[in-house]
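Undergrad: Structure below; questions to follow.
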Amino acid sequence: MKIELTTKEFRRLLDLVYMGNWILNSTRGEDRFREYDDIESKLFALCRENRMETLVQDWNGIPIPSKAYAEGGIHEAIGLYEDTVFYEILAEELSRRDMDYPEITDENYPEIASRIDSYMAEFQRSGVDKLILEDGRL
């Protein structure tokens, strides 16, 4: 297979592959999806052939994203994604809890969505600063 990409498109593809692999593998420890690591390595190895040497380094002989790449802003994008997902999941769980955890149906969706919107508005104002656990328990 051959894919033609501009330098800018290739750089965006590196970002997509890195972020996707981060989401899939960053929490898995030794139980990683190695196939995704291999694809990431294969693509980052191409940086050397395309005047992007600063984006790749070797670790135990395997091409990986360089420290310069990893510290170049990609984790800020990942962090924004993680924050958004965290608050969306928390808002949905709290909304469903408030309604005794119903299955989401066409009939109750408007109520759940309204509650989610209210929680999201509060999280945008205060983050988690106003969350209180009952009885001080975790």
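Just so you know, all these numbers are worked out from the coordinates, no wet-lab data involved. None of the values given here were measured: they were computed from a predicted structure. For neighbour counting, all protein chains shown are included, and Cβ atoms are generated from backbone atoms with ideal geometry for every residue, glycine included.
Undergrad: Give the shape of the range 72-138 as rounded, prolate or oblate, defined through the alpha-carbon gyration tensor: a ≥ b ≥ c are the square roots of its eigenvalues, a/c under 1.5 means rounded, and otherwise the shape is prolate if a/b is larger than b/c and oblate if not.
TA: Verdict is oblate for the range 72-138.
Undergrad: Take the range 7-65, drop everything but the C-alpha atoms, weight them equally and run the Debye formula without solvent; then report log10 I(q)/I(0) at 0.13, 0.21, 0.22, 0.30 Å⁻¹ to two decimals.
TA: -0.32, -0.79, -0.86, -1.31
Undergrad: How many Lys pairs in the chain lie less than 23 angstrom apart by Cα atoms, where the lysines are 8 or more positions apart or on different chains?
TA: Eligible lysine pairs with Cα atoms under 23 Å apart amount to 4.
Undergrad: For the chain, calculate the relative contact order in percent as a whole number, restricting contacts to Cα pairs under 8 Å that are 6 or more residues apart.
TA: Normalised by residue count, the contact order of the chain is 14 percent.
Undergrad: Quick check: residue separation of A68 and I23 times 0.36 nm, minus the Cα distance between them. What number comes out in nm?
TA: Residue separation times 0.36 nm, minus the Cα-Cα distance, leaves 14.2 nm.
Undergrad: Additional query: With each run of n ≥ 4 DSSP H residues scored as -39500 (n - 2.57), what mean residue ellipticity at 222 nm is computed for the chain after dividing by its residue count and rounding to the nearest 500 deg cm²/dmol?
TA: So the calculated ellipticity at 222 nm is -18000 deg cm²/dmol.
Undergrad: Please give the charge dipole size of the chain, origin at the Cα centre, charges +1 on K and R Cβ atoms and -1 on D and E Cβ atoms. Round to the nearest 20 debye.
TA: In total the dipole reaches around 840 debye.
Undergrad: Show the residues, 5+ positions off or on another chain, whose built amide H is closer than 5 Å to the amide H of Q57.
TA: Amide H neighbours of Q57, under 5 Å, 5+ apart: I64, S66.
Undergrad: Still on this structure, please answer the following. Can you figure out the FRET efficiency of Y36 with A113, using R₀ = 41 Å and their beta-carbon distance, to the nearest 0.05?
TA: Details: r = 34 Å, r/R0 = 0.83.
E between Y36 and A113, to the nearest 0.05, is 0.75.
Undergrad: While we're on this one: So between E103 and R11, what do we pick up on full extension, going 0.36 nm a residue minus the alpha carbon distance?
TA: That works out to 28.9 nm of additional length.
Undergrad: Select from the chain the helices, each a whole stretch of DSSP H, whose alpha-carbon atoms run 20 Å or more along the helix axis and whose Kyte-Doolittle mean is at least -1.0; answer none if there are none.
TA: 7-25, 75-98, 109-126
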